[in-house]
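Written below as structure tokens is the structure these notes are about.
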Amino acid sequence: MNKRELSKVFSKLSREEVNLESHKVELGLAQDLQNVAKTMSKTLDTANKVVDASIKVNVALKKVEKDSMFYNKNASITYEKVTQDLKYLKILMDKASSMAKELGVQEENIDGYKKASDLFLDLKNAAKRMTTNTLEFNI
Amino acid sequence: MDKASSMAKELGVQEENIDGYKKASDLFLDLKNAAKRMTTNTLEFNI
């Protein structure tokens, strides 16, 4: 091999070496990309779960806020009304009882008595529930 | 990914031909999107 041919071979070898080096770096880079993708996928999952939790909590909180506002607006005034209604119903039902006794009939035979009697029990029950189920916080 | 782009340019190939580039590129977009969602979906109260 003459000097010119040797130089050509070395030149070619030199170029090949550069390409091999590039491939080696490429391989390392590919591994880095794959490793990073694996570990960062976990971070991505957590990030998505954090956002889902936030959306869920905010939706729930808005409902709690709305319900609390309804409670604050109506609880006291409604309890008052229920108490008054109970008093008035009691008066009417007592009158009906006297009337029935006077007429010698059953109270249930007086129109509206049964309905009023059922309502009285429901209102009494509602009043009890209202006193045992108050809001446990202020918003 | 920038390194991969430089490498791809050097080798005269498309970035997508480097193993893991496509996956990393998709992950990059997903993470970017997640970061955006995280800033716009914070808790609206403290517990």
Calculated P(r) tail over 18 Å for chain B, as whole % of Cα pairs: 49 percent
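Taking 31 Å as the cut-off for C-alpha to C-alpha distance, list the pairs among A:LYS63/B:LYS36; A:LYS62/B:LYS32; A:LYS73/A:LYS124; A:LYS49/A:LYS128 that go past it.
Check vs 31 Å cut-off fails for A:LYS49/A:LYS128.
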What does the structure give for A:56-66 when I average, per residue, the other chain Cβ atoms found within 10 Å of the residue Cβ? 2
Under the definition of partner shielding as Cβ atoms of other protein chains within 10 Å of a residue Cβ, what is the mean value for peptide A:39-46? 3
Name the residue farthest towards the positive end of the dipole of chain B from the options B:ALA4, B:ASN33, B:ASN17, assuming +1 on Cβ of Lys and Arg, -1 on Cβ of Asp and Glu, about the Cα centre. B:ASN33
How long is the gain from A:MET130 to A:SER98 if the chain were fully straight, where each residue apart is worth 0.36 nm and the alpha carbon distance is subtracted? 8.4 nm
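Rule-based calculations on the coordinates, nothing more; no lab input. This is a predicted model, so every value here is computed, not measured. We place every Cβ from the backbone using ideal geometry, glycine too, and count neighbours over all the protein chains shown.
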